[in-house]
2 protein chains.
Amino acid sequence: MLTRIGILGGSAALYQAMTSLGHAAGTDFAGPPALTGGKPGTKVLVLGAGLAGMLAAYELRKAGYQVQILEFQNRAGGRNISLRGGDTLSELGGAVQKVQFAPGNYINPGPWRIPYHHQGLLHYCKAFGVQLEPFVELNHNSWLHAGNAFGGKPVRYRDYAADFTGFTAELLAKAIDQHKLDDPVSADERAHVVAAMRGWGGLTADGAYRKGSISSLRRGFAKPQGGGVDGAPVPSDLFARDDVMRSGLWQWMAFHERLDMQTTMFQPVGGMDQIGKGFNRQVHDLITLNCKVTAIHQDDRHVTVTYNDMSHGGAVKQAEADYCVCTIPLPVLSQLDVQVGGPLKAAIAAVPYASSVKLGLEFKRRFWEQDDQIYGGISFTDQPISQISYPSHGYFSDGPAVLLGGYMFGPAAYDFAGMTPAERIEHGLAQGQAIHANYRDEFRTGVSMAWSRMPWTLGCCSMWSEQARKTHYKALCAIDNRIVLAGEHASYIGCWQEGAILSSLDAITRLHKRAQGAA
Amino acid sequence: MLTRIGILGGSAALYQAMTSLGHAAGTDFAGPPALTGGKPGTKVLVLGAGLAGMLAAYELRKAGYQVQILEFQNRAGGRNISLRGGDTLSELGGAVQKVQFAPGNYINPGPWRIPYHHQGLLHYCKAFGVQLEPFVELNHNSWLHAGNAFGGKPVRYRDYAADFTGFTAELLAKAIDQHKLDDPVSADERAHVVAAMRGWGGLTADGAYRKGSISSLRRGFAKPQGGGVDGAPVPSDLFARDDVMRSGLWQWMAFHERLDMQTTMFQPVGGMDQIGKGFNRQVHDLITLNCKVTAIHQDDRHVTVTYNDMSHGGAVKQAEADYCVCTIPLPVLSQLDVQVGGPLKAAIAAVPYASSVKLGLEFKRRFWEQDDQIYGGISFTDQPISQISYPSHGYFSDGPAVLLGGYMFGPAAYDFAGMTPAERIEHGLAQGQAIHANYRDEFRTGVSMAWSRMPWTLGCCSMWSEQARKTHYKALCAIDNRIVLAGEHASYIGCWQEGAILSSLDAITRLHKRAQGAA
C-alpha cells in the first residue's frame, strides 16, 4: 500500500500515510494555528506573561485582536527562569537569596530540558531565534547510589546496567533451556528468545553471564584497554546478582526509557530563560508588569479584571476586555475572586500542585569531569536530593561550574521548603558527599528554589489525579462565557513547557472561533 | 575503610582509594608523559604525520630530542580527516571524486566520535585547543530496520526497545511466579526479581506487558498527549512478541551498551580534522610532506630511511637519525624494505586490516529532523549500508545537510570498494530509501571513502585476531634495536584514535628510556 501511495501522490503523500500508520509522531502539535480575521477592536486580556500567556498574546495579535498582558512579577517568563550571579530570589517567609555564581554560570530552577517530541515548543524556539544544544540525560558513566545496596557505595551506571541485563538474560535463558516456559512460548519462538538473551544480555556461549571480556566490554575493565606492550586489559568483577536485583537501581534504567526522558533532549544555549526572552521579544510591548490581580469578573459583554498596580504603590486599577485568557497558576487563581460557573470553579480548586525544590550548587572546578569522567547526565540516589545533574554545556572548561545538586519532589520537597536556604545547601552537600567524596572541599556557593514559596505560583506544577482528571479536566479547559484558562495545568503534558504551549494554542483557537461566532 | 582514608588523608587520598577499588576509570591514560633529559643532538625520525606520529614528535621535542617527520601525503592528519566542498579524493584504481557539499558542510569518513573514556585523546584536544561537542549515538526516535521483520518496515527504536524489554520482563516474571526457577533463585531473591521485572519492564500490576498507558509512556502513544479539551492520548498497539524476538533488532539495544558506544560521546566542533589540525599546529615545522618511504635500515649507530621526495619529481633521498618511530600502517609497511628482526617482521605481516567504506550524503534539507523528529543518532538496517547516522551539529538549521549514509565493514565493504563512486552512492540511496521514503527526492550530492583504496593506508584499521595477538603483539610493540612502531595497530584500542595516542605515548616512553640508557 505504501508503495502505491508513493507512486500516486509523491513523497509528501507517503509521509502523510506513514504518519497515519503511526510511523512518525511528536506531541499533538500540528503546526502553529492559522488564526485570521479577528474582529478589529476586539480586545483580549491575557493574565500572566509565562509561555502560555505570551504565546496567546502573540498569536491573537497576529490574528487581528487587541491584546494586553498583565503580569504579577517584575519580569516576563513565569516559571521559565534561570538564576545568575547578581540575581535576588525572595520567597514567602521572608528569606532572600543573593545569587553568587561566577559570571556566565547559571542554574535553571524551573524547566531545564526539552524532549525531542515537544514539537510545539521546538517550533517556537526556532521561530523566535532561540538556539538549542543537546541536554545529556543518560550517562553510562554517572553514579547510581542506594543507601542499603553495595555497602552504601555508589556504582557506575554502566557496571550496574551491564550486570542487571546480563543476570536477567541468564535467568530467562535458563528457564527456556530447561523447558520451563513451554506453555507461554511456542517451540518456534524458544530459539529466538534464547538467541536474544545471549546477544542482548552479553552471555557466554553456554548461556552464562560471567566475568570476562564480554561483560567487561560493557561494564568496563578493572585494568582498562591500553596502548603498547602493557596494553592488555584485565576483566572486572561482577556484582552479586542478589545485590543487583535487591538494590532497586534498575528503576534508573527504566527512567531513561520514559518517553519524556528519552534521547535526544535539548536545552537553550545560555540558560532556559532564553526561551522566555525569545517570547518576550515578540510581545514585550503588550505586557504590564507588577500587576497583582485580585478579581476577574465578567458579564455578557465584558471581562473586568481588578488588580493592584505594584509599580504605583499598589493602586487599585481595572482593565476591561471582550475576552480573557487566564494563565494564572491554579493555587493562586483559586484564592482570587473569579466570576465563573460552578464547574470551572470546582476544577480550579481540584488540582493539587507539586511542591518541588531545586538546588543550584557552584563548585571551584568540574571535578565530576576531571576526576570522574562524567560529562553531563545525572547521578541518582535514594537520598532526598534524588539526583545530581551535571551541566550539559561548558564541557572541559576550567573554572567554577554549576550543577543541579538536588531535585526534590513530594515529601522531600516539603522538608526542604521548610528549611532556611542555608540549611538546604547544607543538606545538599551532606547528601552529595555520599556520591562525590570531595563535594564539600570543592563547593563555592549555592542557591535553592522552593517552588511552594514562590508567591506567583505557590507550587511547581499541576499534579492531576486520574479521578480529578475525569471529573474536572473538561470543565477546566472549557470556555466559561468570556474566560478561558491556559497553561500546563490545562493539558495532558503537565509540568512541561510543551503543555503550556499546546494548551495555549488550543485555548485561543477555541476562543477565536467563539469570538467569530459572536461577530 | 573509605571513611577512615577520608579522615586520615583528605579527599585526594580518598579519590585514589576509590580509583583503586575500581570506582573511577578511563582508558589506561595516566596523564601526559613527563619525559625530560633527552640527550642534545639525539635525533628521532618519525614516519607518518597521523596522530601517533605528530604526538611522538611533540612529546620527544619537548623532552629535548631533535625530531623530523616524513609524511607520505600532501597533508598532515592521516586517517583523521574531514571532507568538504572543493576537496578532491583520489583512490587506487584511478577514481577521482570532487566533493560538492555546500559551504560549511562536511563528513568525517574516518574517525567520527570520541568516547568519554578516551582520556588520552581528550587530554590533547584540550591541550591543543580543539573544541568538542556532544555526539549523539543513542536516539530513541531513530529507526531500526530488518528486511525480514515487521513486513520490512522500519520501526522506532523506542517502540521496539519498550516491547523487547516488556516481553522479556513478562516472560521472566512468569517463570518466577510459577516457581519454575526455584533452583537457581533463592526464595529470598524471588520477590526482588519479580519486582524488578515489573518496574524495569513496565508490566501491569498482574505482571503482564500489554497495551496501555504504561507501555505507551515508553513507546509513545497512537494519539500523542496534547493540550486543552482534546488533549487525552490514545495508547499505541504493541508489536507481536514473536516478531520482536525473531527480528534480531535487540542487537542495536546491546550496541549502545558497549563500552565504546556509551554516552557521553563527543566530536570536534567543525569536523574531526580539527584534531589533526590542532596536533599539526604543534609540530608543523617538523613535517616534510610528500615523502614516499621505500626503505628503513638500521645498524648499531643509526637509522637510515630512504624515500622518494614527491615534491621534487620523486627524487630519491635519505634521512638519518639515532632512532625511528614508525607509524606507517601495516599494509603499507609490510611492502617496504624494513631492516628489523624476524619477530617484528612476522608481526608486521600478521595483522589484517579491516576494509571499510563510508558514504557522505548531502540532502536539500534536514528531513530527518523536520519530518521524523530525529536529531542526531543512528538508524540501523540489516542492509549492507548498516546504518544512517544523522549529524550531531547544526540541529534545526535550514539548508542542505550531510549525513553518514552508510558504514560498510567486512564483506559489504569489499563489495562497495569494488564499485565506482557513482555506484556506491546509487546503492546507498536505494538502501536508504527503505528507511526514508523521500531519500532520493531530497538527495543533492555524495562522496564515498573506500579505505582499502587509499594508497597511504590500504585499509581502515587493524583487526587483530586473538591468535595473532598472542603470537605477535609483544613483538610488534617491542623496540627493535633503534626502531619502534606506534599507531592504533600497536594497542588494545584498535580502530580508535585513542589507540594511536596511547600506543605513541608508550612507544616514546620506552624509546626515551632506551636512549637514556645508551647515553
Residue B:509 paired with residue B:96, simple spin-label distance in nm, labels 7 Å along Cα-to-beta-carbon: 4.6 nm
Simple spin-label estimate for residue A:187 and residue A:419 in nanometres, 7 Å along Cα-Cβ: 6.3 nm
Counted charge near residue A:226, where neighbours are those whose Cβ lies closer than 15 Å (Asp, Glu -1; Lys, Arg +1): -2
Kirkwood Rh in Å, taken over the stretch A:357-512 so that all alpha-carbon pairs contribute: 17.8 Å
Value at 222 nm in deg cm²/dmol, rounded to 500, when DSSP H runs of n ≥ 4 in chain A each add -39,500 (n - 2.57): -10500 deg cm²/dmol
Environment charge of residue A:65, counting only residues whose C-beta is closer than 11 Å and scoring Lys/Arg +1, Asp/Glu -1: +2
Straight-distance crosslink candidates among aspartates and glutamates, where the alpha carbon sits under 12 Å from residue B:98 and sequence neighbours closer than 8 are dropped: B:87
By average C-beta atoms within 10 angstrom, highest first, the peptides A:108-115, B:217-224: A:108-115, B:217-224
Rg followed by Dmax, in Å, when the stretch A:185-264 is reduced to its Cα trace: 16.5, 51
Distance in nm between pseudo-label sites at residue A:364 and residue A:481 (7 Å out along the Cβ direction from Cα): 6.4 nm
Cα-based convex hull, the stretch B:48-174, per residue volume (Å³, whole number): 222 Å³
Fewest-first sequence of B:160, B:473 by Cβ atoms within 10 Å of each Cβ: B:473, B:160
Enclosed volume per residue, in Å³, of the convex hull spanned by Cα atoms of chain A: 207 Å³
Over the stretch B:36-99: Rg over Rh, Cα atoms, Kirkwood Rh: 1.17
Rounded FRET efficiency, nearest 0.05, which uses the C-beta distance separating residue B:269 from residue B:74 and R0 of 35 Å: 0.90
Filter on B:153/B:364; A:358/B:211; A:211/B:358; A:345/B:211 - keep pairs with C-alpha separation over 27 Å: A:358/B:211; A:211/B:358; A:345/B:211
Net charge over other residues, Cβ less than 12 angstrom from the Cβ of residue B:101 (K, R count +1; D, E count -1): +1
Length-normalised contact order for the stretch B:384-519 - Cα pairs under 8 Å, 6+ apart - percent: 13 percent
Extent along principal axes [Cα atoms of the protein assembly as shown; Å; largest to smallest]: 103, 75, 66
Lysines whose Cα lies under 23 Å from that of residue B:317, excluding same-chain neighbours fewer than 8 positions away: B:43, B:292
For A:393-401, mean number of other protein chain Cβ atoms within 10 Å: 2
Relative exposure of B:498, B:133, B:423, judged by other C-beta atoms within 10 Å (fewest first): B:423, B:133, B:498
Theoretical FRET efficiency, 1/(1+(r/R0)^6), r = Cβ-Cβ of residue B:36 and residue B:337, R0 30 Å, to 0.05: 0.30
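Every number here is computed from the coordinates shown, using simple stated rules; none is lab data. Worth saying up front: this structure is predicted, and the values here are computed from it rather than measured. Here Cβ is always computed from backbone atoms with ideal geometry, including for glycine, and neighbour counts include all displayed protein chains.
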